[in-house]
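In what follows, a structure is listed as structure tokens, so that the remarks can point back to it.
The values are calculated or read from the model by the stated rules, or taken from the named source; none is laboratory data. Treat the numbers as computed from the prediction; the structure is a model and nothing was measured. Neighbour counts run over all protein chains shown; Cβ positions are idealised from the backbone, glycine included. Heavy atoms of the whole protein, side chains included, go into the accessibility calculation; ligands, DNA and RNA do not. Shrake-Rupley method; radii C 1.70, N 1.55, O 1.52, S 1.80 Å.
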Amino acid sequence: MMNKNGSILWVAPILLAVLTLAGCLPIGLRRGPTVSPPVGPRLIAENTLGLREYWRRSVECLGTRNLVAASGRVACVSYREGPGGTVLVFDAANGSLLWEAHQEYNAFLVADAERLYLVQVYDIYAYAWDGRWLWHTGLFPDKICSVELSRDRLYVMECIRGWWRKTIDVHTGDILSRESLLRDDGFALFAQYPQFDLYIQDVPSMGTPWATLWAVDRTTRQTRWVITGRTLLMPSGPPLLVDNLLLVNVWREVVALDASSGQVVWRTYNPAAPKTVLVTEAILMADSLYAVCDDGRLIRLDVRTGQETGYIQFAPPLSNHNPYGGSNFLGWASDGQMLFVSFEDSQELIALGP
């Protein structure tokens, strides 16, 4: 997901089926039967990254948006304890469980340096990283599709009514504004950077998975460039601007665009090399990109060239199922210092760092 505070204002819709949140539970309280993982402990078979394993926990964390890290804490949503699951918060340094909150139904997580946000279909709950409940904001009847953090604001996209965005104060939970990002020509504001605004074609009106991106100079309001055709699948979120490169997470790859021209500088997917297929979004840490490939390798990429500069090979290979039925979901997060990866098929959360 390439998280980084700054000017990013919108992320692509995330399909959710989530309702209300219950309160906190004492550490150690568990519900439901334990299900044996279909895959045994995942070992590190090869390592050229210079990272080491700090700790691992036996826990099921479902998907990338159910695993976040910040301020020396790691939080994930585990469904081992029953329907709705439990939000578990660990110490990033040693993996000790600090506190937890049970929820009746699903949620996804967003985090900044001070707070953990539990996002429901109509509600957002904010906790301090020490477990104190801070505020709750209900947005009914507007369903929450996605949430993006930028400085002291939460930007909430509505699922049902098109490209509408609510702005929420992270300190109080107060709703500050509601605005439409959709233009009459079918383009919607996708992201804002110091030099230009980035618009995206409203996909439902196009009936295609391919994205059209349009960069407009913020001073002159003139077109800088347009990408159309079969260049990019729909991004999973706005590109991250690093120097003069826009780094775009799309389906199973990362594409780097020249921010001045919109030309493709590099992309990770090579049809002749199946090992380049990504199963996670890329994370930016210490001027490098990290992602997990379909062959079970955690790879590091040079931001400017896209070249692989090291990897960790996990074994056994990734399976296609989890203990409760369905696909195997990987969780993936970074606090800027360490990387955290969860494998649902082996029910493990692994912490890696220098």
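Placing +1 on the Cβ of every Lys and Arg and -1 on the Cβ of every Asp and Glu, with nothing else charged, gives region 42-181 a dipole about its Cα centre of roughly 240 debye.
Building the convex hull from the alpha-carbon atoms of region 118-264 and averaging its projection over directions returns 10.2 nm². Between W266 and A256, the built amide H atoms are under 5 Å apart, and every one of these is 5 or more places off in sequence or on another chain.
Size of region 93-161: Rg and Dmax of its alpha carbons, in Å, are 12.9, 44. The calculated FRET efficiency for the pair D243 and Q222, based on their C-beta separation and a Förster distance of 35 Å, comes to about 0.95. What distance in nm separates the two pseudo spin-label positions at R132 and D258, each 7 Å out from Cα along the beta-carbon direction? With each label point 7 Å from Cα toward Cβ, the separation is 5.2 nm. Spacing of the modelled spin labels on W55 and K275, each 7 Å from Cα toward Cβ, amounts to 3.3 nm. Around the amide H of K143, modelled in the peptide plane, lie the amide H atoms of C159, I160, all under 5 Å away and 5 or more residues distant in sequence or on another chain.
With the simple model of a label 7 Å out from the Cα in the direction of the Cβ, Q195 to Q307 spans 2.4 nm.
Computed over protein heavy atoms with a 1.4 Å probe, the accessible surface of region 241-281 works out to 46 Å² per residue.
From most to least packed by mean Cβ count within 10 Å, the peptides 305-315, 146-156, 248-258 give 248-258, 146-156, 305-315.
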